[in-house]
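Here is the structure we will look at.
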Amino acid sequence: MSNLQVITSLDRHQIQKKTSKKVNGHKYVKKIKRNKLRLNYIYNENCLDTMSKMSDDFIDMTVTSPPYDDMRSYSGNSFSEFESIAKELYRVTKKGGVVVWVVGDQTIKGNETGTSFKQALHFKDVGFDLFDTMIYLKPPRGAVGNNKTYWQTFEYMFVLSKGKPKTINPIVDRENKEARNGDSGTKRLHNGSLLRLKRGGYSKYGRRTNVWEYLIGKGHSASDKIAHEHPAIFPEKLAQDHIVSWSNKGDLVYDPFMGSGTTAKMATINDRKYIGSEISSEYCKVARRRLESVTSVMTLPAI
Ligand SMILES: C[S@@+](CC[C@H](N)C(=O)[O-])C[C@H]1O[C@@H](n2cnc3c(N)ncnc32)[C@H](O)[C@@H]1O
């Protein structure tokens with residue numbers, strides 16, 4: 001008989017970790033109770049600390065934008081820290097869960113770092129499938145490195161899945177240029193008889209492509225002003241589009257780099273639960289103020 005204890009009724013939010021040690025050839029197993037994780041809460045800490053409190057297969061989906069290369073002076077996030085984060089994200093993601101990793105590259109002396117590709121490939125190494133390489137298209141910004149390059153206008157959105165995605169709710173809002181109703185007609189055959197023909201139609205809207213375009217900046221990225229107290233937000237609509245595509249109502253959404261709280265706000269508005277990590281206390285305050293306005297609006301009686 002195995003001397004490993006079976007945890008039969010693990011409270012969804014009560015995290016336990018098992019460690020074992022051998023004494024005189026006997027294996028002893030110790031169960032360590034971990035902190036209870038608060039849902040709909042942003043932890044002011046390194047995401048590795050938050051994830052260490054999560055049991056395996058805990059999160060339905062993650063949508064996040066890490067600090068990339070050293071474009072902004074956050075906490076000095078190195079590639080080795082990225083490797084630990086990727087491994088932990090795989091462990092805490094449910095089977096069939098999805099991680100959306102929104103990232104771009106820095107250009108140093110006309111040479112792009114390629115960190116985004118390295119990260120995508122590393123995610124595959126830790127076990128994720130690269131389900132889709134999507135593009136986040138935005139209005140062109142200053143030429144990178146020098147004025148001789150084409151205008152920089154996109155970032156990657158790597159959609160990584162732990163096996164086959166368990167939830168795919170495609171957004172159907174692409175206007176179909178060939179939209180038309182079905183119709184029918186007749187064609188006279190050689191023998192003089194009439195053949196009835198039916199031509200199928202095309203609906204007005206079709207499934208989106210994997211290039212998603214958003215206007216950015218004040219008045220576009222966020223419906224509130226508080227968000228812009230953070231220097232690198234992604235659009236609310238981008239977070240929402242991924243949340244509704246890869247999760248269902250009631251699911252748990254994680255953002256390890258919560259910044260101004262965009263993911264938390266859009267998870268709340270779309271009836272999902274969330275957990276976030278944000279290393280900067282300043283940005284945590286921004287996110288909490290931003291969320292207060294959403295939750296107070298949401299508790300107002302319907303008109
Ligand atoms: C690109 S911003 C995210 C912005 C966010 N998507 C938004 O819309 O506001 C990245 C954030 O990650 C935070 N950060 C950097 N390293 C971190 C770490 N190891 N754990 C948690 N947060 C971290 C930074 O302080 C920064 O606010």
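The values are calculated or read from the model by the stated rules, or taken from the named source; none is laboratory data. Quick caveat, the model's predicted, so the values are computed rather than measured. We place every Cβ from the backbone using ideal geometry, glycine too, and count neighbours over all the protein chains shown.
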query = With LYS109, LYS95 as the choices, which residue is surrounded by fewer than 17 Cβ atoms within 10 Å (Cβ to Cβ) and either among the β-branched types (Val, Ile, Thr) or in contact with a Lys or Arg (Cβ under 7 Å, 6 or more places away or on another chain) (or both)?
reply = LYS95
query = Which pairs have Cβ atoms under 7 Å, sit 6 or more apart or on different chains, and link a residue in the range 89-111 that is touching a residue at least 40 places away in the same chain (Cβ under 8 Å) to one that is in a strand (DSSP E or B) and of a type in the set (D, E, K, R)?
reply = LYS94/ASP60; GLY97/ASP60; VAL102/GLU155; VAL103/GLU155; GLY104/GLU155
task = Go through the range 136-177 and give me each residue that's within 13 Å of TRP101 (Cβ to Cβ) and of a type outside the set (Phe, Trp, Tyr).
result = GLU155, MET157, VAL159, LEU160, SER161
key: Entirely in the range 156-262, the strands (runs of 3 or more DSSP E) that have 1 or more residues that are over 19 Å from VAL63 (Cα atoms), modelled with pLDDT under 90 and out of contact with any Gly (no Cβ under 9 Å at 6 or more places or on another chain)   = 183-188, 194-199
request  = Report, by residue number, each residue of the range 210-242 that is crowded, with 23+ Cβ neighbours inside 10 Å and more than 11 Å from the ligand (Cβ to nearest atom).
outcome  = HIS242
query = Cβ-Cβ below 6 Å, separation at least six or inter-chain, first residue in the range 265-278 and assigned by TED's automatic domain parsing to the domain that holds ILE233 and over 12 Å from ARG38 (Cβ atoms), second among the basic types (Lys, Arg) and away from the ligand (no atom under 14 Å from the Cβ): which pairs?
reply = ASP271/LYS249
